[in-house]
Amino acid sequence: MTARQLDRQAAEQRIVKLRDLINDYRYHYHVLDESIMSEAAADSLKHELSQLEEQFPELITPDSPTQRVAGKALSKFAKVQHQTRMISLQDVFDRAEVAAWIQRMKKVRQDITEEFLCDIKMDGLACALIYEDGVLTRAVTRGDGLVGEDVTMNVRTIQNVPLTLRANQRFAHFLRGRTEIRGEIVMHKADFAALNQRRRAAGQPEFANPRNLAAGTIRQLDPKLVAERPLHF
């Protein structure tokens with residue numbers, strides 16, 4: 001075995017370790033809202049990973065933390081047909097409409113129970129994340145529910161979107177085959193306010209509202225511009 005092969009073997013092991021450390025940091029910071037290391041330490045790990053991948057480009061993989069912002073600006077988005085129709089939520093405004101909805105559901109299933117889980121409705125852009133064997137391969141907007149747009153390069157820049165699903169014995173089946181996760185791409189009000197404050201200071205026009213900004217940003221053709229805006233999934 002040559003010295004180059006020995007170096008490559010050690011580099012590959014270190015790259016795997018660095019990716020695990022960085023992904024774990026991102027998960028705790030962007031999903032659990034807690035920090036397990038300083039930003040300086042995290043930046044140091046990212047820098048080391050970037051240098052190793054530059055030295056051994058054959059070891060770069062699409063799910064590497066260094067590949068979140070990659071590729072040139074697109075000329076247009078490709079159309080993608082949803083495997084299962086991606087429907088939208090229906091608004092209700094009073095108890096009578098809720099009661100009517102329950103009755104419609106009982107016609108479909110007689111054993112339905114009138115128990116509800118209530119959550120905040122975040123308004124942004126509906127999107128489906130598609131993972132193959134645990135690796136993010138495609139992100140598609142809802143579109144008309146049947147056909148959406150491929151916005152994978154842009155969604156990869158969103159910090160709380162995992163490029164690789166975390167290993168978990170309880171949910172190990174999600175790491176095999178195709179897994180589709182549907183949700184909303186949004187911008188938090190605090191992030192929106194901070195962004196507009198920076199634009200005011202720079203003499204730039206302010207954005208109208210976080211919903212339109214989130215939807216408009218994810219449909220930008222340049223992933224680098226998308227990466228500059230604080231989106232969440």
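What are the residues in segment 104-117 that are surrounded by 10 or more Cβ atoms within 10 Å (Cβ to Cβ) and at pLDDT 85 or above, if any?
Met105, Lys106
When residues of segment 189-208 are filtered for being part of a loop (DSSP other than H, G, I, E, B) and either surrounded by 10 or more Cβ atoms within 10 Å (Cβ to Cβ) or touching a residue at least 60 places away in the same chain (Cβ under 8 Å) (or both), how many remain?
4
For Ile120, which of the numbered conditions (1) β-branched (Val, Ile, Thr); (2) surrounded by 10 or more Cβ atoms within 10 Å (Cβ to Cβ); (3) under 21 Å from the mean Cα position of the chain (by Cα) fails to hold?
With respect to (1) β-branched (Val, Ile, Thr); (2) surrounded by 10 or more Cβ atoms within 10 Å (Cβ to Cβ); (3) under 21 Å from the mean Cα position of the chain (by Cα), Ile120 is out only on (2).
Quick one: in segment 19-48, of everything that is free of Cβ contacts under 8 Å to residues at least 24 places away in the same chain and among the hydrophobic types (A, V, I, L, M, F, W, C), which residue is surrounded by the fewest Cβ atoms within 10 Å (Cβ to Cβ)?
In this case the residue turns out to be Ala40.
Which condition number does Gln83 fail, the rest of (1) under 27 Å from Phe171 (Cα atoms); (2) at pLDDT below 90; (3) polar (S, T, N, Q); (4) surrounded by fewer than 12 Cβ atoms within 10 Å (Cβ to Cβ) being met?
(2)
Would you check if there is a residue in segment 155-162 being part of a helix (DSSP H, G or I), free of Cβ contacts under 8 Å to residues at least 12 places away in the same chain, out of contact with any Asp or Glu (no Cβ under 9 Å at 6 or more places or on another chain) and over 17 Å from Gln81 (Cα atoms)? First the steps, then the outcome.
Filtering segment 155-162 down to residues part of a helix (DSSP H, G or I) leaves 155.
Going one step further and asking which of them are free of Cβ contacts under 8 Å to residues at least 12 places away in the same chain, we end up with none.
No, because not a single residue in segment 155-162 is part of a helix (DSSP H, G or I), free of Cβ contacts under 8 Å to residues at least 12 places away in the same chain, out of contact with any Asp or Glu (no Cβ under 9 Å at 6 or more places or on another chain) and over 17 Å from Gln81 (Cα atoms).
Can we say Ala73 is closer than 25 Å to Met187 by Cβ, out of contact with any Ser or Thr (no Cβ under 7 Å at 6 or more places or on another chain), modelled with pLDDT under 90 and not assigned by TED's automatic domain parsing to the domain that holds Met187?
yes
Gln51 - would you say it is part of a loop (DSSP other than H, G, I, E, B), loosely packed, with under 14 Cβ neighbours inside 10 Å, of a type outside the set (Lys, Arg) and at pLDDT 85 or above?
no
Please go through (1) in contact with a strand residue (DSSP E or B) (Cβ under 8 Å, 6 or more places away or on another chain); (2) surrounded by 13 or more Cβ atoms within 10 Å (Cβ to Cβ); (3) under 17 Å from Val135 (Cα atoms) for Arg211 and return the number of the only condition it doesn't satisfy.
That leaves (3) as the condition not met.
The values are calculated or read from the model by the stated rules, or taken from the named source; none is laboratory data. All values derive from a computational prediction rather than experimental measurement. With ideal geometry, Cβ positions are generated from the backbone for all residues, glycine too; neighbour counts draw on all protein chains shown.
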